[in-house]
Amino acid sequence: MPAHRFTPPAQRIALAQDAAFSFAYPHMLAGWRGAGAEILPFSPLADEAPDAGADLVWLPGGYPELHAGRLAAATRFRAALTEHASTRPVHGECGGYMALGDGLIDADGKRHRMAGLLGLVTSYAQRRMHLGYRHATLLAPIAGSAAGTTQRGHEFHYSTILEQPDAPLAHVVDAQGDLVAETGSYRGHVSGTFFHLIAPGQ
């Protein structure tokens, strides 16, 4: 699908970019920019707040489990994220989803406080590969997409969900049409998925 056919999820997008949040598909970002969206990078690891004028905060995938201690100590970032989420959408993909949760258990079994905007608790100590293409039908609206909208994505991670008390975000199946347990979740203006968005679904 040509990049220009992607509809940005918002006009001004605060995008986390650092060693903990380093993975977003380049064609998606190029498509958003090509459609007129403004990308506003910031670093949670540097305890930076997302741009106060952003319409949406987007936390892409990466390696929060390798930087969990620094993220737990990033109080300015967490406070600004919470303030943004009180009125405007926040979305996380894979590692970004984990960072929006209540806690993250690292490879040594130590639990770290995350943003607490979702009840999700994940463990990198209990590892199992999750890999494959995903087709999701949203059960609730998220930034730029209405309930019932379909999305295509790709999932690749080793972390295990220990707790997910919030409502499921989507009905998700794999490339063979088999149901996938990792549905994503949402609470208020905050949502997240383990799959990385590739394209609108068909």
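The values are calculated or read from the model by the stated rules, or taken from the named source; none is laboratory data. This one's a predicted model, so the numbers in the text were calculated from it and none came from an experiment. A quick note on method: Cβ atoms are made from the backbone with ideal geometry, for glycine too, and the neighbour counts reach across all protein chains shown. Side chains included, ligands, DNA and RNA excluded: accessible areas come from the protein's heavy atoms. Shrake-Rupley method; radii C 1.70, N 1.55, O 1.52, S 1.80 Å.
Taking the criterion of being open to solvent by 60 Å² or more (accessible area, probe 1.4 Å), modelled with pLDDT of 95 or more and either in a loop (DSSP other than H, G, I, E, B) or closer than 17 Å to residue 148 by Cα (or both), the residues of segment 182-202 that qualify are 186, 188, 189.
Residues in segment 156-181 that are under 16 Å from the mean Cα position of the chain (by Cα) and open to solvent by less than 30 Å² (accessible area, probe 1.4 Å): 157, 159, 166, 169, 170, 172.
I need a count of the residues in segment 36-53 that are part of a loop (DSSP other than H, G, I, E, B), open to solvent by less than 50 Å² (accessible area, probe 1.4 Å) and of a type outside the set (Asp, Glu). Don't jump to the end; show me each part of the working.
Step one: filter segment 36-53 for residues part of a loop (DSSP other than H, G, I, E, B), giving 36-37, 43-53.
Next, only the ones that are open to solvent by less than 50 Å² (accessible area, probe 1.4 Å) stay: 36-37, 43-45, 47, 49-50, 53.
Now drop any that are not of a type outside the set (Asp, Glu), which leaves 36-37, 43-45, 49-50, 53.
Qualifying residue count for the region: 8.
The residue that is nearest to residue 61 (Cα to Cα), counting only those in segment 6-16 that are buried (at least 19 other Cβ atoms within 10 Å of the Cβ) and of a type outside the set (Val, Ile, Thr), is 16.
How many residues does segment 15-55 hold that are touching a residue at least 60 places away in the same chain (Cβ under 8 Å), out of contact with any Gly (no Cβ under 8 Å at 6 or more places or on another chain) and among the hydrophobic types (A, V, I, L, M, F, W, C)? Final tally of qualifying residues: 1.
When restricted to residues that are buried (at least 24 other Cβ atoms within 10 Å of the Cβ) and β-branched (Val, Ile, Thr), segment 54-78 contains 1. When residues in segment 80-124 are screened for being open to solvent by 50 Å² or more (accessible area, probe 1.4 Å) and closer than 17 Å to residue 191 by Cα, 6 of them pass. Looking at segment 60-166, the strands (runs of 3 or more DSSP E) lying wholly inside it that each contain 1 or more residues that are free of Cβ contacts under 8 Å to residues at least 60 places away in the same chain sit at 103-105, 111-113, 121-123, 130-138, 150-157, 160-163.
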